[in-house]
Amino acid sequence: MERKGGNGERNSKRLRNRTVSGAGKKSNISLTVNGKIYELTAGKDFKQSSTLAETLRETLGLTGTKIACDHGGCGACTVLIDEKPILSCITLTVECDGKSIITIEGLEDPVTGNLHPVQQAFVDNTAFQCGFCTPGIIMSTKALLDENPSPTEDDIKEALAGHYCRCISHYEVIDAVKELAAKAKDGRNE
C-alpha cells in the first residue's frame, strides 16, 4: 500500500483535519467514555494542553489507546468520538466536552466478556503481530463497518490507509474486514 500521494496520504489528512467542536478554556468537562460519564477538572485531572490520548491513558487508565508517533501520522491512537474515527494524540481533551468516546476497551461485551466481532475477526485472521497498532486499526474498522456494512476492498483500503504498521502485511487485516462484511451480508455477524 503506497502512502505518498495515494489513499494513505489522503486518509491521514482526512483524519488529521477532522476537528472536534467544543474547544475552549473550560475548567470542568464531561466525557462519556465507553458508556461511563467522567467529570474532569482542568489543572486537577488533566492539563489544558493534554491530548485525549494522554487523558485516556494517564487519567482514566485506559491504556488500550496507544501513542506512537504523537503527531497524527500512524493511526495507533484512533478512538471513536460520536461514532467517527479521531486521532486522539492530536485532539485536545478540552475539545471533547460533552462527547461520547469509545476506546478499544469499550468494544468488549460488558455482560459476556466476549470480544466484539471486529476484534474476533482480527484474531481469527491473525491480523496483527505485536498488537501495538491493532487497537487503532480495529476502531477504524468498526467505524467503517458501522457506516458501510458491505465495503468494497477499495473502501477498506481507503478507510485504513491512515494506519501504519511495521509488523504485518495488511493483507490479513483486509481479509478480516472482508470476512466481517460477508458475515454481515449473510446475517451471521452477531
Using beta carbons and a limit of 6 Å, which pairs, at least six apart or on different chains, have the first residue in the stretch 156-167 and over 15 Å from Leu80 (Cα atoms) and the second one assigned to a loop (DSSP other than H, G, I, E, B) and among the polar types (S, T, N, Q)?
Cys167/Gln129
Output the number of the condition that Ser150 fails; it satisfies all remaining conditions of (1) small (Gly, Ala, Ser); (2) surrounded by 17 or more Cβ atoms within 10 Å (Cβ to Cβ); (3) out of contact with any Asp or Glu (no Cβ under 9 Å at 6 or more places or on another chain).
(2)
Hey, could you check the stretch 107-151 for residues that are of a type in the set (Ser, Thr, Tyr) and part of a loop (DSSP other than H, G, I, E, B) and say which is nearest to Gly187 (Cα to Cα)?
Ser150
Please go through the stretch 87-121 and pick out each residue that is in contact with an Asp or Glu (Cβ under 8 Å, 6 or more places away or on another chain) and under 19 Å from Lys183 (Cβ atoms).
Asn114, Leu115, His116, Pro117, Gln119, Ala121
Restricting attention to the stretch 127-145, does a residue exist that is assigned by TED's automatic domain parsing to the domain that holds Lys178 and of a type in the set (Lys, Arg)?
yes
Which members of the stretch 63-79 meet the condition of being closer than 15 Å to Thr134 by Cβ and either of a type outside the set (Gly, Ala, Ser) or touching a strand residue (DSSP E or B) at 6+ places or on another chain (Cβ under 8 Å) (or both)?
Thr63, Thr65, Lys66, Ile67, Cys74, Gly75, Cys77, Thr78, Val79
Would you please name the residue that is surrounded by the most Cβ atoms within 10 Å (Cβ to Cβ), looking only at residues in the stretch 50-72 that are in a loop (DSSP other than H, G, I, E, B) and without any contact (Cβ under 8 Å) to a residue 12 or more places away in the chain?
Thr63
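The values are calculated or read from the model by the stated rules, or taken from the named source; none is laboratory data. Not measured: the values here are computed from a predicted model. Cβ atoms come from the backbone with ideal geometry, glycine included; neighbour counts cover every protein chain shown.
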